[in-house]
Amino acid sequence: MVVSKILSGHLGPARRILLTRIRRLPCRYQTDDDRSNGWLTSNLQELKLVHRLDCRHNSLPPSVFRLTPALRVASFGLCRLPPNLAVDLPHLKQLTLHMVTLSEETLRDLLSGCPAIESLLLDQNVGVSCLRISSPTLRSIGFRALWNGQVVGIVNVQEMVIEDAPCLERLLPLNPDYGPVTIRVIRAPKLKILGSLSCGILLLQLRTTVFKEMIAVSLTIIMRTVKVLGLDNFGPGLNAALYFLKCSPCLERLYVVIPSASGTTPSEEEQGDEDLDAERGLQGEEDEYEEGARGQEGEDVEEEVHQEGEEVPGKAIWIRGPASLPDAPRTENNKLVVYLEKPEALGLVARTGHRPSGILTCILKKYWPGLYRVSPNAPKKLALKWEDYQAAPYGVFATEDGREHVPTCAHVVLKTFWDFYKLSADTDQQEATRVLQLMAKKNLKDIFYHARNLAILHYYAEQGKRRNKDRVIAENLTIEEAAGWERVNLSKMVPE
């Protein structure tokens, strides 16, 4: 193997190995033999293995869990955990599982073989409906549910049970609106940081205290150890916050995000950033799991005036970037209602709120296929039309019967759109879907038209020059500028 050859030529011990976009292994390497184990060393301290999206059915070699006794940090992604694991990782402190197919028994075996583990991140994993966690050493647990867990055939996590975690201090549901719908904390006597919590968690049990849709139905236990709490979209009024304050009388910091009447949070509108600051404050408590702040992309244009074509050495030129997709409404009741305004357009019933066409444009940018293949051996094709979205695969997911489910980018776009909106009672769903696809075709034409102009402005900005937008639209590019536009177009036109 290539990795074995590299390590054999390395003079010192290998302490850190990071492999991403791993392809499908040849049949001769599917078994756990010496040829696939040669690069595992007793000195290895950090290991990251992430497969390609179209190879997520690959299983990790069982030797990974028994031939690396010095391992302290491990991250595995887009793969399967083999059954009947024999795990011997006595020094592992931090473990991340990203879009991994696993079972309840596999996770139990994995944790039991890590007697020193302190940090666990479960990120969009599938294959099991209930996760039960028991560990005498875990101090921090982060969880992010698979956003498209409603796709037929995908077994998504619906319940998380913290059975026994005597050292647990931080329990962090990172996108509670998508799951798990049930969280039970049976024993965590040192829990200090909890959140963010939202109405997406239908049942929350803290020992014998029970909340249903953020409303307390049983306040029998006081959580005096909880110092930091995050609440996100807990419904109208402040009753839910008051219930949690009663349950946590020793609270030192409370972060609250309150939705507006239009179903969006104030951080998504132009009124102010108070709730965004609170959300960022809670993210500061979660920095072990999420690197860097995730603010919206720059939307301000620098107001300094320069002559067109003037070089401005030593100072960056800021130009307007693409708008980012806001957070979807947290509950069905908060979704905006749309109807067939025109034969080829959906309209908004309410007078305020994000327009359907604008949200659709952001979604199309977010899930742009870029250069895609319809199959592993097919040639790459650049996505420019809606038909490309319909052909481009978006990941590979295992079904309950062992088969693979491959949603397309078009499927993801349509599903994400209906996360923001719902139809009026007199609107036909099939007709609305047809109109939505017509809107997508039109919006894509507009996206690439404006992308050309934006890319040219970026090209000149990188040279320290300004160009008037009207002139850019009318002028013809030179060969050098065209090459610059093509390069910038693919890298900056649409977010990755």
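Taken together, the values in this text are just the output of simple stated rules run on the coordinates, not laboratory data. It should be emphasised that the depicted structure is a prediction, and the values quoted were computed from it without experimental measurement. As a convention, Cβ positions derive from the backbone with ideal geometry for all residues, glycine included, and neighbour counts pool all protein chains shown.
Short version: ³J(HN,Hα) in whole Hz for each residue of the stretch 199-211, in order, from phi by Karplus 6.51 cos²θ - 1.76 cosθ + 1.60 (θ = phi - 60°), x for Gly and Pro, what are they?
With the stated coefficients, the stretch 199-211 comes to 5, x, 8, 6, 9, 10, 10, 10, 6, 9, 7, 10, 10 Hz.
What does the charge dipole of the stretch 84-131 about its Cα centre add up to, to the nearest 20 debye, if the Cβ of each Lys and Arg holds +1 and the Cβ of each Asp and Glu holds -1?
With only Lys, Arg, Asp and Glu charged at Cβ, the dipole is about 80 debye.
Quick one: if the Förster radius is 35 Å, what FRET efficiency do LEU251 and GLU159 give, using the C-beta to C-beta distance and rounding to 0.05?
0.85
Put a dot 7 Å past each Cα toward the Cβ at GLU341 and SER59; how far apart are the dots in nm?
In this crude spin-label approximation the distance works out to 5.4 nm.
Just add up the charged neighbours of GLN390: K/R +1, D/E -1, any other residue whose Cβ is under 15 Å from the Cβ of GLN390.
Neighbourhood net charge equals +4.
What's the Cα-based Rg to Rh of the stretch 51-189, Rh via Kirkwood?
On the Cα set of the stretch 51-189, Rg over Rh gives 0.94.
Taking R0 as 56 Å, what FRET efficiency do you get between THR225 and ASP426 from their Cβ-Cβ distance, rounded to the nearest 0.05?
With R0 = 56 Å, the Cβ-Cβ based efficiency is 0.60.
Assuming R0 = 30 Å, what is the FRET efficiency of GLN390 and GLU104, from their Cβ-Cβ distance, to the nearest 0.05?
FRET efficiency, GLN390 to GLU104: 0.25.
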